[in-house]
Amino acid sequence: MTHKNLQVEAIEQGSVIDHISPQQGIKILKFFQFNNKNEKITIGLNLPTNNGESKDLIKIENLFISNTQANQLALFTPNATINQIKNFKVVHKYKVKLPTSFIGMLSCPNSNCICRHENVKTTFYIQKNTTLKLKCHYCEKSFDRTFFNELY
Amino acid sequence: MNNPLFKKNIISIADLSRNELELILNVAKSLKETPQPALLKNKVIASCFFESSTRTRLSFETAVLRLGGNVIGFDDANNTSLFKKGETLVDSVKVIGAYADAFFIRHPQEGAARLTAECVDIPVINAGDGTNQHPTQTVLDLFSIFETQQTLENLNIAFVGDLKYSRTVHSLVQAISLFSCNLFFISANTLAMPDYILEALDKKNISYSMHKSIEEIIDSLDIIYITRVQKERLHETEYQHIKSVFVLKKSMLSNVRENLRILHPLPRIDEIESDIDSTPYAYYFQQAKNAIYARQAVLALLLTNKFTKGDEE
């Protein structure tokens, strides 16, 4: 009972990012710098799910995840859901969705790409074949997500 | 129909549609048959080579001059403010872009041409950006295939040599996959075609196969596109072995198709024996000359609205 309470403890208002793939919770906190804010954050790691697998979960009080952030989250965890809470009630619940491109979010792993040497915003296009890859707008090279320092 | 390339940029072969490629080839053919020495009269073209290149720079500048245009620029980044004073590429190209009517740029870093195109209001042609793209090389390769075979459809085309690292091979395969050809890849395992290129061919249902020797398929080919094995990419022992296996010899040509033509982006080392040069199958020096017409066609289309699809003559 105590264990269950810890997982579902309600917040008055804010966001709950649920069904985060295991090992991704801390990376998400770090990437979005949620931990630099003064709001109360609850993080659960390797929590059991109903189908016997595990997940991470983040609850942030008084912070609503923007659409852009929600899309960016999909890079870390494609099956996550976001719950917006107001007055202890879920007022909006949606799944993250991978956008077609990411602008100004990642730096190019190719050290010889012009965007590593000039002050320009990077753009990466999503390529979905057998595995998910990100193609740089400038050097046109495609990279697995593990190549990006920001995501690793 | 208007010329779809007028005032556009040529940055990557992937940006060009089949129709646009065919338009460029037809204009190249037209300019080869009927020179237009005043087409770019009063136009100033900036030739900016932040990295040295002999053939590309000379053929671009010749293309401009033979169309009646003028060239400004530099052939070595060491003499530029960018190198000497630490100016950014963005600032450098903005200034040059204000002086000229079009811009061709070679740069050692991938993506430099695309960034340049985003910073200037004049057409930009990528003359090579690091290991990424060199689209006008692909255009001249396609033009040479088209010229020798009178079509780009249903051809048997073999790529031999360094298929892993060769920028020209990757771009040409990308472009030729817009047409229905059968592709044959002949290389050592260590220099095989990268998976991402093969995946792209699979997606487009392009027929291709891999082979260990040229002799296996040479008699059924229309085009052999052979490249230099880059010594710096391999261990010395491996280089010596591969270099000796993938060599085109005159004796291999005894039963080939009459229309077979051998292409090579040059420089060649010893992957084509020199006694092939005098056979009717050798086309690599004509291919090098076609660089002028291919680049003239690109310049003509970007800078004038004279040529339209179906009205190239």
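The values are calculated or read from the model by the stated rules, or taken from the named source; none is laboratory data. What you are looking at is a predicted structure, and each value in this text was computed from that prediction instead of being measured. Every residue, glycine among them, receives a Cβ derived from its backbone with ideal geometry; neighbour counts consider all protein chains shown. Ligands, DNA and RNA are stripped out before the accessible areas are found, and what is left, the full protein with its side chains, is counted by its heavy atoms. Shrake-Rupley method; radii C 1.70, N 1.55, O 1.52, S 1.80 Å.
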Q: Would you check if there is a residue in region A:49-63 being within 15 Å of A:GLY14 (Cβ to Cβ), without any contact (Cβ under 8 Å) to a residue 24 or more places away in the chain and exposed (fewer than 12 other Cβ atoms within 10 Å of the Cβ)?
A: no
(Q) For region B:200-216, check the following and say yes or no: at least one residue is open to solvent by less than 80 Å² (accessible area, probe 1.4 Å), of a type in the set (Ser, Thr, Tyr) and without any contact (Cβ under 8 Å) to a residue 24 or more places away in the chain. (A) no
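Considering each residue of region A:99-116, count those that are within 14 Å of chain B (Cβ to nearest Cβ) and either in contact with a Phe, Trp or Tyr (Cβ under 7 Å, 6 or more places away or on another chain) or assigned to a loop (DSSP other than H, G, I, E, B) (or both), and give that number.
Of region A:99-116, the ones within 14 Å of chain B (Cβ to nearest Cβ) are A:103, A:107-116.
Filter once more, so that each one left must be either in contact with a Phe, Trp or Tyr (Cβ under 7 Å, 6 or more places away or on another chain) or assigned to a loop (DSSP other than H, G, I, E, B) (or both): A:107-115.
Adding up the residues that qualify gives 9.
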**Q.** Options A:ASN119, A:ASN79, A:ASN38, A:ASN50: the member that is assigned to a loop (DSSP other than H, G, I, E, B) and under 16 Å from the mean Cα position of the chain (by Cα)
**A.** A:ASN79
Q | Of all residues making up region B:144-201, the number that are farther than 23 Å from A:GLU140 by Cβ and part of a helix (DSSP H, G or I) | A | 8
Q: Return the pairs, sorted by first residue and then second, in which the second residue is assigned to a loop (DSSP other than H, G, I, E, B) and open to solvent by less than 20 Å² (accessible area, probe 1.4 Å), the first residue lies in region B:129-140 and is within 11 Å of chain A (Cβ to nearest Cβ) and of a type in the set (S, T, N, Q), the beta carbons are less than 7 Å apart, and the residues are 6+ apart or on different chains.
A: B:ASN132/A:CYS139; B:ASN132/B:GLY111; B:GLN133/B:ILE11; B:GLN133/B:SER12
**Q.** Failed criterion for A:ARG145 (all others in (1) surrounded by 12 or more Cβ atoms within 10 Å (Cβ to Cβ); (2) modelled with pLDDT under 90; (3) over 29 Å from A:SER15 (Cβ atoms) hold)
**A.** (3)
Q. Among the candidates B:LYS43, B:LYS32, which residue alone is away from chain A (no Cβ under 14 Å), touching a strand residue (DSSP E or B) at 6+ places or on another chain (Cβ under 9 Å), modelled with pLDDT of 95 or more and open to solvent by 10 Å² or more (accessible area, probe 1.4 Å)?
A. B:LYS43
Q: Considering only residues that are open to solvent by 80 Å² or more (accessible area, probe 1.4 Å) and part of a loop (DSSP other than H, G, I, E, B), look in region B:1-29 and name the one that is nearest to B:THR131 (Cα to Cα).
A: B:LYS8
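Consider B:MET210 carefully, then state whether it is part of a loop (DSSP other than H, G, I, E, B), more than 16 Å from B:LEU263 (Cα to Cα) and away from chain A (no Cβ under 14 Å). Can you show your working first?
On the way: part of a loop (DSSP other than H, G, I, E, B): no; more than 16 Å from B:LEU263 (Cα to Cα): yes; away from chain A (no Cβ under 14 Å): yes.
Judged against the criteria, B:MET210 is not a match.
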Q: Being away from chain B (no Cβ under 14 Å), out of contact with any Gly (no Cβ under 7 Å at 6 or more places or on another chain) and over 25 Å from A:THR146 (Cα atoms) narrows it down to one of A:VAL91, A:VAL96, so name that one.
A: A:VAL91
Q) Which residue pairs have Cβ atoms under 9 Å apart, sit 6 or more places apart or on different chains, and have a first residue in region A:128-152 that is of a type in the set (Ser, Thr, Tyr) and a second that is assigned to a helix (DSSP H, G or I) and open to solvent by 50 Å² or more (accessible area, probe 1.4 Å)? A) A:THR130/B:GLU199; A:THR131/A:ARG145; A:SER142/B:TYR196; A:TYR152/A:LYS27; A:TYR152/A:ARG145; A:TYR152/A:THR146
